[in-house]
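J.: Mind having a look at this structure? Questions to follow.
The values are calculated or read from the model by the stated rules, or taken from the named source; none is laboratory data. Quantities reported herein were computed from a predicted structural model and do not represent experimental measurements. In this analysis, Cβ positions are derived from the backbone assuming ideal geometry, glycine residues included, and neighbour counts consider all displayed protein chains. Calculation scope for accessible area: heavy atoms of the full protein, side chains included, ligands and nucleic acids excluded. Shrake-Rupley method; radii C 1.70, N 1.55, O 1.52, S 1.80 Å.
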Amino acid sequence: MTNQIRQLCLAPDGQTEVLQGNIAFAVGCVRGGIHAADGYPGTPSTEVIHRGLSQVQDLITVGWSVNEAVASAVGHGHTLAGRDCVVTMKIPCLFQAGDIFTSGALYTQPRGGLVYYIASDFVPSSTQHTIDPRYLFKSCFVPVFEPRNHQEMHESAALAVEIARTYRTPVVVMPSGILCHSEGLVRMMEPQSRGPVEVPPSLKPFNVMPVVARANYDNVVTERIPALTKLVEDSPLNHWERGTGRLGVITYGICDMYTREVKESLAPDIDVLSLAFTNPLPLDLIRRFCESIDGPVFVIEDGYRFVQEALLQEGLKVKGKDAHDPLNEWSPALIAEKLGFELTHPRSVVPAVPRPPAICPGCPYRLFGEEVAAMRKKGLIDAVFGDIGCYALLYYLNAVDTCLAMGAGEAMRQGFTLSRPEETWRCLAVVGDSTECHTGMAATRNAVYRNMAGVKVVLDNSWAAMTGGQPSPTSPVNLACQPIRFDLPKTLETHGANLHVVAAYNRKGVHDALTTALKDAANGTYSTVVIREGECLRQSDVSTQRVVADPDLCKQCGLCLICPGIEKDPDGVPVINQLCSGCGGHTPSCLQMCPFGALKAIDISELDRPAAPVFPAPPKAEAPAGMAHDALPTRISLAIRGVGGQGSIFSGRVLTQLAFLAGYGEKNIVKGETHGMSQMGGPVISTFACGDVVSPVLMPGTADVLIALEHSEILRAGFLDTLRPGGTVLLADTKVVPPTLREEEYPSNEQIDMMLNTYNVVKVDVLGEALELGDPTGRMANVVMLGILSTTPPFDVFPVELWHEALRRVNSQPGIWAANYAAFNAGRRMPQPVGR
């Protein structure tokens, strides 16, 4: 298979590509001459190493460390060898690495450049808190660059390393999670090469002994910060777009995109000062900007009010967020309203369906969750102290209560039982294998060291699963595909814990292990239950095992309906659906829940279903030519909503390739999307725009087409707002009812029709068409929808050959390309009812 990352790293400078922000940064690391990268998986930063640098390990030294503190120290080690290193993480994990970050910030000797890539998620979509770290950065005297677009993402590593080397300081690159996961145009930077820095022969100055730390602090305050201040004041990366002076905006980071979208759409005469650096601030430049504005000056920034407060302290009269305003991530619409523009918002009288994220169908954690929930019902367990990982989603099964930070659950349990000793045998701590290796094992040592009884459960699925399946110490191999010798159960046993090891798909075994461990806790024993032999299904071979019910034995009690992969048929008998994973070939969880023996495991070939079709290879075609510039619409935009797993993100990627092939690479192409827990059965949105566009977040009233891959997702707040007058809604008949929702609570067709009665709506049964094609999973429904979109104005302007090539480029594996080709053409042939 073609290594696309390698091709990008070695491509000619100036070549234009549409890239995700994280990938643009990763490629920029290699082209920018960075020597090494290290980190720990954390959305929204994970793809830099996972999908990017891990693919070119012969061009850069790269690896995952067990946590962010270790990764940061590894990074410092690279710099003491004279090499440059990037360390990746999300904001909460900066604080896990806090001791390394703060102590190392004041090193002032010559060394290689150290760059921290710290991705923000202020919504949050997948992160556990929304703390603004800029105040910490300022107190550490560390320069901070906040990329404003995908091109700056691509070039930021090289820029940061030059600053780090020149000013002998770590540098923070802090992109917004929206920028990390959206896609945009990137022109490949000129490749750079740097030799190692000549580090002093003695490493003794790299020390935090008080006398050294004091001297370093004095140097940083009197020399580094004044020099960095001059750098940012004179930087050509600050952009002052002059207007009429009636209104000014100071902004930075992702908010630059949003502000420029508003400026181009509604307010071309406003003045905008866009900052490249947020520490130190170019206060003289900002003061000159404010003096040039006759009217109000607004500060538009995500996070809290870092720049706004700094300017107020300087006596500048700027406006922004109130001190108690909870808003911490702007959108173009919110900025427009802040600047005084009135926008209309259609209000839905039908609430959107709540869709909490869920563990995957067949997940090895499910039986544990069911057992804990059952024990709680019986009054045997009062509290469960959770942690960060997939198992945090057991919250929705009533099998986890708390979640604080990586590795904190067991220590919380210890504190809780020290204050309430009677709860020692009535509560659990739960942690995953990668999190246990991250920081959780310290609490295991603490329990043994302090001789505290209790029960800790380690759910071992062999991977850092929630962030996409990165290797951890419990995986078969590391990032370099070297076998791992670490043995988690032996390590815990050596610590002194009383160990119980049980298979994840053994319901009785899980029950017995928990019962025994809680009884032992009542007698003063500290036990660790390791639930393993249940590898994350996303990393294991696809199973052909399925389940069938015997209608004569089935009592229709519903006890087996524990998983999205099984549901009732019209007669009330359990039947698997397209989500069933076969529990990875292990004894199916649903089968073990049935007290009547009505379910049995079979191979998928035994089901009364037609065999999966083998689609003929698409005809070979020459690469299609782009379109004439005068044939391209000035602007096209679209938004897609669906449920995690329906393929809305894939569809967005096809559209970016389509626009690139058509010729919009000379203008602009942007795509935005939701990542993280929203993908795990939650609501997902993907946006696309090309032409005269700026932001991956659409302004209200600008989308030509809205697609709802799931029927009720059309009701999601703000979605209909984005449709332009006269635009089209493509509404799928597909209904995905969350397991937590009663069927009668799902919005009726009549309610949705009433909500949409003033819109141009085209209803389509894309799932039915996919099933008709012989796709038993229904996963080709999104490609069928793309076929329909290709016949819908204004997307019908693109020749079908361009659509086919875009599909092929997104996934060129022969079998998948053939299936997508068939599904797309089936969508084009579908009769479409006239929209109203």
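J.: Work out, step by step, the length gained on full extension between Arg609 and Glu745: first 0.36 nm times the residue separation, then minus their alpha carbon distance; give nm to one decimal.
T.: Between Arg609 and Glu745, full extension yields 45.8 nm more.
J.: Under unit Cβ charges (Lys, Arg +1; Asp, Glu -1), what dipole magnitude, rounded to 20 debye, does the range 302-448 have relative to its Cα centre?
T.: With Lys and Arg at +1 and Asp and Glu at -1, about 300 debye.
J.: Among all helices in the chain defined by DSSP H, which have a length of 20 Å or more along the axis from Cα atoms plus a Kyte-Doolittle mean of at least 1.0?
T.: Span-like helices here: 648-662.
J.: Under a point-charge model restricted to the Cβ atoms of Lys and Arg (+1) and Asp and Glu (-1), what is the dipole moment magnitude of the range 270-348 relative to its Cα centre, in debye to the nearest 20?
T.: In debye, rounded to 20, the range 270-348 gives about 60.
J.: Which trypsin sites (Lys or Arg not before Pro) does the range 305-402 hold that lie in a coil by DSSP with at most 11 other beta carbons within 10 Å?
T.: Answer in residue order: Lys317, Arg347, Lys378.
J.: Please find the FRET efficiency linking Gln578 to Arg829, where r is the Cβ-Cβ separation and R0 is fixed at 22 Å, and quote it to the nearest 0.05.
T.: According to the calculation, E is roughly 0.45.
J.: I would also like to ask the following. Quick check: Cα centre of the range 510-587 to Cα centre of the range 147-187, how many Å?
T.: 45 Å
J.: Return one quarter of the surface area of the convex hull spanned by the alpha-carbon atoms of the chain, equal to its mean projected area, in nm².
T.: If you wrap the Cα atoms of the chain in a convex hull and average its projections, you get 36.7 nm².
J.: Still on this model: Taking GluC sites (Glu not before Pro) that fall in a DSSP loop and have at most 15 other Cβ atoms within 10 Å as cut points, what is the longest piece of the chain between them?
T.: Longest gap between qualifying sites, sites excluded: 343-621.
J.: Roughly how many whole Å is it from the C-alpha centroid of the range 759-806 to that of the range 687-750?
T.: Cα centres, the range 759-806 to the range 687-750: 16 Å.
J.: Give the carbon-plus-sulfur fraction of the accessible surface of the range 531-659 in %, rounded to a whole number; probe 1.4 Å, heavy atoms of protein chains only.
T.: Within the range 531-659, the accessible surface is 52 percent carbon and sulfur.
J.: Which net charge results for the neighbourhood of Thr494, defined as the other residues with beta-carbon distances under 11 angstrom from its beta-carbon, given Lys and Arg at +1 and Asp and Glu at -1?
T.: 0
J.: Shifting gears a bit: Return the distance in nm (one decimal) between the two label points of a simple spin-label model at Arg187 and Asp325, each offset 7 Å from Cα along Cα→Cβ.
T.: 3.6 nm
J.: Enumerate the calculated ³J(HN,Hα) couplings along the range 556-573 in order (Karplus 6.51 cos²θ - 1.76 cosθ + 1.60, θ = phi - 60°), each rounded to whole Hz, writing x wherever the residue is Gly or Pro.
T.: 6, 7, x, 5, 7, 7, 9, 9, x, x, 9, 8, 8, 7, x, 8, x, 8
J.: Report the FRET efficiency, 1/(1 + (r/R0)^6), for Val448 and Ala480, where r is their Cβ-Cβ distance and R0 is 41 Å, rounded to 0.05.
T.: Once rounded, the FRET efficiency stands at 0.80.
J.: Here is a follow-up. Given a 1.4 angstrom probe, I'd like the percentage of the accessible area of the range 274-415 that is carbon and sulfur, rounded to a whole number.
T.: Accessible surface attributable to carbon and sulfur in the range 274-415 totals 55 percent.
J.: Only Cα pairs under 8 Å and at least 6 apart count here; give the relative contact order of the range 601-728 as a rounded whole percent.
T.: Relative contact order of the range 601-728: 28 percent.
J.: Now a separate question. What residue among Ile714, Gly112, Ser274 has its Cα farthest toward the positive end of the dipole of the chain, where the charges are +1 on Lys, Arg and -1 on Asp, Glu, each on the Cβ?
T.: Of the candidates, Gly112 comes out farthest on the positive side.
J.: Follow-up question, since we're still on this one. Want the number for Glu264 to Leu418: 0.36 nm per residue separation, take away the alpha-carbon distance, what's left?
T.: Working it through step by step, the gained length comes to 49.4 nm.
J.: Can you give the local net charge around Thr634? Use residues other than it whose beta-carbon is closer than 10 angstrom to its beta-carbon, Lys and Arg +1, Asp and Glu -1.
T.: Every neighbour counted, the sum reads +1.
J.: When the chain is fully extended, how far beyond the present Cα-Cα distance does Leu283 get from Val211, taking 0.36 nm per residue of separation?
T.: 22.6 nm
J.: Can you give the net charge of the other residues whose Cβ lies under 15 Å from the Cβ of Gly645, counting K and R as +1 and D and E as -1?
T.: +1
J.: Place a point 7 Å from the Cα of Ala717 along the Cα-to-Cβ direction; which residues of the range 104-129 have their backbone N under 20 Å from it?
T.: 121-129, by backbone N distance to the label point.
J.: Nearest 5 percent is fine: what portion of the DSSP beta bridges confined to the chain is antiparallel?
T.: 35 percent
J.: Per residue, how much accessible area does the chain have with a 1.4 Å probe, in Å²?
T.: Result: 40 Å² per residue.
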